[in-house]
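For reference, the structure discussed in these notes is given below.
Values in this text are rule-based calculations from the coordinates and carry no lab data. Quick caveat: nothing in here was measured; it's all calculated off a predicted structure. Virtual Cβ from ideal backbone geometry, glycine too; neighbours counted across all protein chains shown.
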Amino acid sequence: MTKWKAANKQELILEVWEALDCESVGGRELEQIQEVLQQRFGEGGQESPAAIARVVADEGAVLRHPEVFECDKNWRQRRLSDQQYEQELEFSDFRKAVASLGLLDKTQREVSSQDGSAVNRLRDVVANARLNAMMVSRSKILGAEERERAKEIAQWLTVWLQSPQLFTDWLELRLRSTEFRNKFPHYP
């Protein structure tokens with residue numbers, strides 16, 4: 001096993017690319033670099049094939065573009081279908097919901113240029129989260145505050161489903177609105 005000297009992800013990407021000693025970079029090379037990133041930095045070391053390709057291209061690598069595109073598309077589809085992705089999303093309180101919606105927004109922007117199946121899977125994840133929030137909002141065993149919070153989060157998810165491109169701006173305005181501040185005075 002190679003001892004890598006790089007201190008950060010970008011340096012490691014370049015170090016692995018140089019160690020591969022290849023004239024051009026395509027799917028196989030990108031997957032090898034991803035594997036080393038994950039081994040070195042764990043889950044936080046994940047980078048998309050497209051991001052890795054940009055780093056090595058900036059340093060002069062010749063990209064095999066069709067392979068890069070296909071590798072990136074496949075990686076994003078696997079990422080969306082992983083149960084781990086769904087576990088990253090948490091809508092039980094406002095702070096966690098805002099963080100999860102930020103992740104959704106980022107992912108939506110990444111997959112929107114891809115085939116429709118990736119976008120549809122993302123929408124399915126959001127629709128399921130919305131249904132769960134709606135069920136919590138109707139629960140007879142939870143307190144009124146928890147039900148109201150779940151109802152609010154279900155509304156957020158509804159807006160995201162209707163207009164994901166505008167959602168971030170809408171949420172910022174919603175959180176600053178008088179109605180929201182009066183309804184949820186304990187949310188900072």
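Only one item in (i) 69; (ii) 56; (iii) 53 matches percent of Cα pairs over 22 Å apart derived from the coordinates shown, and that item is (ii). With a cut-off of 15 Å between beta carbons, the residues surrounding LEU14 carry a summed charge of -4, where Lys and Arg count +1 and Asp and Glu -1. Legend: distances between Cα atoms for LYS9/LYS151; LYS3/LYS73; LYS3/LYS96; LYS106/LYS151; LYS73/LYS183; LYS140/LYS183; pairs beyond 32 Å are LYS9/LYS151; LYS3/LYS96; LYS73/LYS183. Taking a straight Cα-Cα cut-off under 20 Å and skipping sequence neighbours fewer than 8 places away in the same chain, the aspartates and glutamates within cross-link reach of LYS5 are GLU15, GLU18, ASP21, GLU29, GLU31, GLU35, GLU43, GLU47, GLU59.
Computed over neighbours whose Cβ is under 13 Å from that of LYS5, the net charge equals -1, Lys and Arg +1, Asp and Glu -1.
Using the Cβ of GLU145 as centre and a radius below 12 Å, the other residues enclosed give a net charge of 0, where K and R count +1 and D and E count -1.
Against the chain, whose longest principal axis comes from its Cα atoms, helix 167-176 is set at around 40 degrees. Angle of helix 144-162 to the longest C-alpha principal axis of the chain, folded into 0 to 90 degrees and rounded to 10: 50°. For region 9-81, the dipole from Cβ point charges (+1 on Lys and Arg, -1 on Asp and Glu) about the Cα centre works out to 440 debye, to the nearest 20.
Between the helical axis of 9-20 and the longest alpha-carbon principal axis of the chain there is an angle of about 30 degrees. Hey, if you put +1 on the Cβ of every Lys and Arg and -1 on every Asp and Glu Cβ in the chain, which of LEU12, GLY102, ALA57 ends up farthest toward the positive end of that dipole? Checked the options; the winner is GLY102.
Close amide H partners of GLY26, meaning residues 5 or more places away or on another chain with modelled amide H under 5 Å apart, are ARG64.
With coordinates expressed along the principal axes, the C-alpha atoms belonging to region 9-81 extend over 33, 27, 17 Å, beginning with the largest.
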